[in-house]
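S.K.: First the structure, which I've put down as structure tokens, then a few questions once you've had a look.
The values are calculated or read from the model by the stated rules, or taken from the named source; none is laboratory data. Worth saying up front: this structure is predicted, and the values here are computed from it rather than measured. Quick reminder, even Gly has a Cβ in these numbers, built from the backbone with ideal geometry, and neighbours come from all protein chains shown.
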Ligand code: FES
């Protein structure tokens, strides 16, 4: 979709909110909390950002972007080049972080990780299910949308490291996490890697499927044991040899078969592919534990195979 930047405002330290509208004035469309959009930036970069505006406003989408020190250029391009009137291209929305039914919700956001969480919180607040948000940041000025969360009172814990020291997440969730009473919990976490890692370690003791995480960046995979695998593309009638060091996605593209992709590092969900036979070895940051176990879909940009052969619906 051809779009244009229709607004920009500073919402926290090094964080801008960008509003987007279609260039032809038509609606952008509906989306659900947790969704992200692919933003094609001036200069050719494509980045995924969570939609964090009002899902009921189908004419205007907003994203919020932290200027990441030492980043790969996407956030810098947003901060330097996206001003009202700038033309951009959008793809999506896509939701790899949907709000599932539960008896209560626990949200954990670290810094800019609030972007997918804030709309989930607002959605939960409109329903009957109890919820709580733990929102961690370096200091108050780094907390985007703290003002927007203020009406929710005690349901939101704002944790500023500068004021309270580094948060012990295990202790902070002790009486709110899945181990506490109160029915089947769903825990949503988005933020920097150390926070995700801490929550994932806690989740080892939770019922399967409790934790849902959204990562900004790829998880490092051990590729040292990779070997050539055979991939059969059922619909295309092709069988490919995929050597170590080459992704299934690259092999499929080299064979001349068109498939959708965007991030190419296992974080966006665009290359999700149905697995018809074989056992995928998941290396993405998108699928939850249940989907990994089921093994009937995979992200072919990074994932490989536990079985010598995979049959894909391509
Ligand atoms: S292209 Fe983004 S997950 Fe594969």
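S.K.: Considering 64, 56, which residue is outside the structural domain of residue 174 (by TED's automatic domain parsing) and without any contact (Cβ under 8 Å) to a residue 12 or more places away in the chain? Talk me through it step by step, then tell me what you get.
M.R.: Numbers: 64 fails: without any contact (Cβ under 8 Å) to a residue 12 or more places away in the chain.
Matching residue, one of 64, 56: 56.
S.K.: Right, something else. Among the candidates 235, 264, single out the residue that is in a loop (DSSP other than H, G, I, E, B), loosely packed, with under 15 Cβ neighbours inside 10 Å and outside the structural domain of residue 108 (by TED's automatic domain parsing).
M.R.: Details: 264 fails: loosely packed, with under 15 Cβ neighbours inside 10 Å.
Just one listed residue meets the conditions, 235.
S.K.: Condition first: farther than 26 Å from residue 277 by Cβ and in contact with a strand residue (DSSP E or B) (Cβ under 7 Å, 6 or more places away or on another chain). Now tell me which residues in segment 206-234 satisfy that.
M.R.: Once the filter is applied, which keeps residues that are farther than 26 Å from residue 277 by Cβ and in contact with a strand residue (DSSP E or B) (Cβ under 7 Å, 6 or more places away or on another chain), segment 206-234 yields 210, 211, 212, 213, 214.
S.K.: Quick check on residue 312: is it buried (at least 18 other Cβ atoms within 10 Å of the Cβ) and more than 8 Å from the ligand (Cβ to nearest atom)?
M.R.: yes
Condition check ((1) in a loop (DSSP other than H, G, I, E, B); (2) away from the ligand (no atom under 12 Å from the Cβ); (3) outside the structural domain of residue 191 (by TED's automatic domain parsing); (4) touching a strand residue (DSSP E or B) at 6+ places or on another chain (Cβ under 6 Å)) across all residues:
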position	(1), (2), (3), (4)
240	no, yes, yes, yes
259	yes, no, yes, no
273	no, no, yes, yes
293	no, yes, yes, no
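S.K.: Could you count how many residues in segment 243-256 are within 15 Å of the ligand (Cβ to nearest atom) and not in a helix (DSSP H, G or I)? Full working, then the answer.
M.R.: Here is the first cut: in segment 243-256, the residues within 15 Å of the ligand (Cβ to nearest atom) are 246-253.
Next, from what is left, pick out any that are not in a helix (DSSP H, G or I): 246-247.
So the count comes out to 2.
S.K.: Could you tell me whether segment 200-222 includes any residue that is away from the ligand (no atom under 16 Å from the Cβ), in a loop (DSSP other than H, G, I, E, B), without any contact (Cβ under 8 Å) to a residue 24 or more places away in the chain and under 25 Å from the mean Cα position of the chain (by Cα)?
M.R.: yes
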